[in-house]
Amino acid sequence: QYDSLASSGSVFGSLITYEDFVWGCETARSRAFSGAYSGSAFNPIPYATVAALVAVYLGLGLGTVEQAANGAALVVCGSILKDFVFPKLLKVQKYVICPLIDMANHVGVGASGNVAFEYFADGFSLSVLEPGVSQGSEMFIQYGPRNNDQLLQYYGFVETNNVHDVYILPPLREWDIAALEEACGRKVGPGRLEKLDRAGLLGRSSDIDSSISGNTEAANDIGGVVLTRASGIDPAVIQALRALVSSDQEWEDAGEAIGNFAAEVSPENERAARLAVRRAMELELESKPTNMDEDKGLLKVLESRNGVDVEEILTVRYRLEKKKLLQEAIGNMR
């Protein structure tokens, strides 16, 4: 985009360097915010004008009170439609950068401040939420349900124990089936994988060029298994594994239909599916070059040193948070 602007024949390239352009984009991306209201501020001029016209209209006897009221109501309704109704219907989204307010830091849960647009004052406010903020303490707001991937990429920090954090496991087609069979004590019967593939539950191979997809910017372009701290493993994956590890009798009773495994089919099948998921997550955690204790030790050393590159600290903190999320999920899948 910079090259396109710089080569357009304008003075853009001579006034703004590439470094300045990147800084501006990153500032706008990390500091700009939007809200539920996307209309304009209160403008008293139309209402004052209508009041004056109504007074003149009635004073000169040009019409009845009802006619004047109809005209005034039309203006009021038009203003309401312009500011409140049409922006909602058209899904208009406005972003602003507001000094001071954009300095407020983020917290995933327990924000002590709230940002709002003041319609009549034509400005933004940062107000304290109950039970308030003690003197000398920092006021936090919430940037939205951001996972650590988003926070690190767009804001340059990692939140500890982020309730909105996400981990993307490899797609089901890349899971070690033999290891899953050993963990759950069941064999994957014929026809299961083919049915899951046709249902789109196996994801895409990571060897496939992502440019084939229409969305090369997607964080989960190959259909990896989504794990969240808030809700755990994707329910569709549990459904797929119920079908995958089903016995011949369970498979037959379900009519060999993946959709019939959306709910628990038997305690034995449910246990096998959960054991399979648990083993897949254990293998993912074991595949990392370092373990959690090593990362904690390294992070402690880096944070105690002077002159350490902040990117190095963030890298260790980020991968530690992802491993913690995996470990929690493994503990929950018993």
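When peptides 152-160, 255-263, 41-49 are sorted by average Cβ neighbour count within 10 Å, with the highest value leading, the order is 152-160, 255-263, 41-49.
Remark: segment 104-173 carries a charge dipole of roughly 300 debye about the Cα centre, counting +1 on each Lys and Arg Cβ and -1 on each Asp and Glu Cβ.
Here P(r) over Cα pairs in 10 Å bins from 0, in percent was computed from the coordinates, and among (i) 5, 16, 20, 20, 17, 12, 6, 3, 1, 0; (ii) 5, 21, 29, 26, 14, 4, 1, 0, 0; (iii) 6, 28, 34, 23, 9, 1, 0 the match is (i).
With a Cα cut-off of under 27 Å and a minimum spacing of 8 residues unless on different chains, the lysine pairs in the chain number 14. Gain on full extension, evaluated as 0.36 nm per residue between residue 286 and residue 256 minus their Cα-Cα distance, stands at 7.4 nm. Counting only alpha carbon atoms, the long axis of helix 310-332 and the longest principal axis of the chain meet at about 60°.
Magnitude of the charge dipole for segment 1-108, about its Cα centre and with charges confined to Cβ atoms of Lys, Arg (+1) and Asp, Glu (-1), is about 340 debye. Approximating the spin labels as points 7 Å out from Cα along Cα→Cβ, the residue 116-to-residue 4 distance works out to 4.0 nm.
What angle, in degrees between 0 and 90 and rounded to the nearest 10, separates the Cα long axis of helix 65-80 from the longest principal axis of the Cα atoms of the chain? The two axes meet at around 40 degrees. Note down the Stokes-Einstein diffusion coefficient of segment 237-282 in µm²/s, whole number, using a Kirkwood radius over alpha carbon pairs, 25 °C, and 0.890 mPa s. Rounded to a whole number, D works out at 238 µm²/s.
Computing FRET efficiency as 1/(1 + (r/R0)^6) for residue 270 and residue 230, where r is the C-beta to C-beta distance and R0 is 25 Å, gives about 0.70.
The label-point distance for residue 293 and residue 53, in a model that sets each label 7 Å from Cα toward Cβ, rounds to 8.0 nm.
Spacing of the modelled spin labels on residue 220 and residue 94, each 7 Å from Cα toward Cβ, amounts to 3.4 nm. With R₀ set to 45 Å, the beta-carbon distance separating residue 84 from residue 16 gives a calculated FRET efficiency near 0.75.
Listed peptides 125-136, 169-180, 14-25 appear in the order 169-180, 14-25, 125-136 once ranked by packing, highest mean of other Cβ atoms within 10 Å at the front.
When you restrict to C-alpha pairs under 8 Å that are six or more residues apart and normalise by the size of segment 14-93, the relative contact order lands at 39 percent.
Rolling a 1.4 angstrom probe over the protein heavy atoms with all chains in place gives the chain an accessible area of 61 Å² per residue.
The values are calculated or read from the model by the stated rules, or taken from the named source; none is laboratory data. Owing to the predicted nature of the structure, the values given are computational and were not obtained by experimental measurement. Reconstructed Cβ throughout: ideal geometry from the backbone, glycine too, with neighbour counts over all protein chains shown. Ligands, DNA and RNA are excluded from the accessible area calculation, which covers all protein heavy atoms including side chains. Shrake-Rupley method; radii C 1.70, N 1.55, O 1.52, S 1.80 Å.
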